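Below is one structure, written out as structure tokens; the observations come after it.
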Amino acid sequence: MRAGGLDKRVEGPDPNRYPELATHLLNLDRVARFPTRVFVPDRYWGNLFEVDNYWFELGVLPEPRDAGIVPWPWPDIAPAEFFGPAAPEFGRRVISADEAAVLGLSNNGGVVQRMYLIGPDGKTIYSFSLWPMLPDEAG
């Protein structure tokens, strides 16, 4: 897949459902003009939403205590920073690779959704998602 001048290898199609696509993707390095490499982003969008019990009662989200809650991992970043001018309606903040690394995700080029963080106040629960940014994506 080409995006922003980069080629990215896609793995995991169901070979029974898409046999031609699966064969092509498995051989992409041999037939492509440019060899693929693992995409390791330098920056991510960190999406943060304060959890409301309403969504659990509807069954839209799992109960955070059942899914696991992670203590707030960034002593130098306040939750309010996610709700600044970058995208207040979505609660997004650009996160560096170093900031993302403290979550224990190594070389994560994919998306992590619904990681539950307990805020630095020790009581507010947030739903957190991590989205990789392409090199030419605005921050």
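Has the stretch 34-43 got any residue that is over 20 Å from the mean Cα position of the chain (by Cα), open to solvent by 60 Å² or more (accessible area, probe 1.4 Å) and modelled with pLDDT under 70? The answer is yes, given that some residue of the stretch 34-43 is over 20 Å from the mean Cα position of the chain (by Cα), open to solvent by 60 Å² or more (accessible area, probe 1.4 Å) and modelled with pLDDT under 70. Taking the criterion of being closer than 20 Å to Asp136 by Cβ and at pLDDT 80 or above, the residues of the stretch 61-115 that qualify are Arg92, Arg93, Val94, Ile95, Ser96, Ala97, Ala100.
The values are calculated or read from the model by the stated rules, or taken from the named source; none is laboratory data. Note that this is a predicted model, so its numbers are computed, not measured. Glycine gets a Cβ as well: all are built from the backbone with ideal geometry, and neighbour counts include every protein chain shown. Surface areas here come from the heavy atoms of the whole protein model, side chains and all, with no ligands, DNA or RNA. Shrake-Rupley method; radii C 1.70, N 1.55, O 1.52, S 1.80 Å.
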